[in-house]
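Asks: Below is the structure I would like to discuss, written out as structure tokens.
What follows draws every value from the coordinates through simple rules; no lab data is involved. A quick note: this is a predicted structure, and the numbers were derived from the prediction, not measured. Every residue, glycine as well, gets a Cβ built from its backbone with ideal geometry; the counts of neighbours run over all protein chains shown.
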Amino acid sequence: MVLMPRKRPSSCCSIRRTRPLSEKRRDRYVAVCKALADPTRIEILRLLAAQDGPVCACDIVDAFDLSQPTVSHHLKTLTKGGLIVGERNGLWMFYELADEGIEALESLASLVGQPARA
């Protein structure tokens with residue numbers, strides 16, 4: 001089947017072109033989006049954002065009706081996406097938001113921000 005080229009309607013205006021993102025920046029955004037692609041991970045981020053400091057993994061597990069391995073998987077995914085960081089203290093892991101992850105979220109949001117209109 002051969003598709004015929006469409007003629008642009010006379011009332012249609014041309015789109016604004018954008019420069020492609022660098023591969024590094026694009027890959028960073030993809031990692032952030034993948035890490036956020038689950039309701040539980042969004043709720044874990046919200047939980048961590050509401051705290052004044054790092055939170056023990058055991059308290060995160062207690063906050064959700066999920067098994068410890070499932071919560072650990074979500075924490076690993078968020079860590080891999082750069083949205084949270086974990087630090088071991090003895091037997092326990094403590095998690096908090098990663099500054100770089102928050103900056104990546106803000107930067108990503110700015111990509112789709114609406115330009116000011118006169």
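Asks: Step through the residues of region 29-38 one at a time and calculate ³J(HN,Hα) from phi using the Karplus curve (6.51 cos²θ - 1.76 cosθ + 1.60, θ = phi - 60°), rounding each to whole Hz and writing x for Gly and Pro.
Replies: Couplings: 5, 4, 4, 5, 5, 5, 5, 8, 7, 7 Hz.
Asks: Quick one: which residues, 5 or more positions from I84 or on another chain, have an amide H under 5 Å from its amide H? H modelled 1.01 Å from N in the peptide plane, none for Pro or chain starts.
Replies: T79, A98
Asks: Still on this model: Which trypsin sites (Lys or Arg not before Pro) in region 48-118 pass both tests, a DSSP loop state and at most 15 other beta-carbon atoms within 10 Å?
Replies: Those satisfying the criteria are R117.
Asks: Which residues' amide hydrogens lie under 5 Å from the amide hydrogen of C56, considering only partners 5 or more residues apart or on another chain, with H built in the peptide plane?
Replies: Y95
Asks: Taking θ as phi - 60°, what are the ³J(HN,Hα) couplings along region 48-56 by the Karplus curve (6.51, -1.76, 1.60), each to the nearest whole Hz, with x for Gly and Pro?
Replies: Each residue of region 48-56 in turn: 5, 5, 7, 9, 8, x, x, 10, 5 Hz.
Asks: Another one. So what is the relative contact order of the chain, in percent, for Cα pairs below 8 Å that sit 6 or more residues apart?
Replies: 26 percent
Asks: Report the label-to-label distance for L21 and T70 in nanometres (one decimal), using points 7 Å from each Cα along the Cα→Cβ vector.
Replies: Simple spin-label model gives 3.0 nm for this pair.
Asks: For region 1-30, which trypsin sites (Lys or Arg not before Pro) are in a loop by DSSP, counting at most 13 other Cβ atoms within 10 Å?
Replies: Filter output for region 1-30: R6, K7, R16, R17.
Asks: Using each residue's phi in region 96-113, evaluate 6.51 cos²θ - 1.76 cosθ + 1.60 at θ = phi - 60° and report the 3J(HN,Hα) Karplus result to the nearest Hz, with x for Gly and Pro.
Replies: 8, 5, 8, 3, 5, x, 5, 4, 5, 5, 5, 5, 4, 4, 5, 5, 10, x
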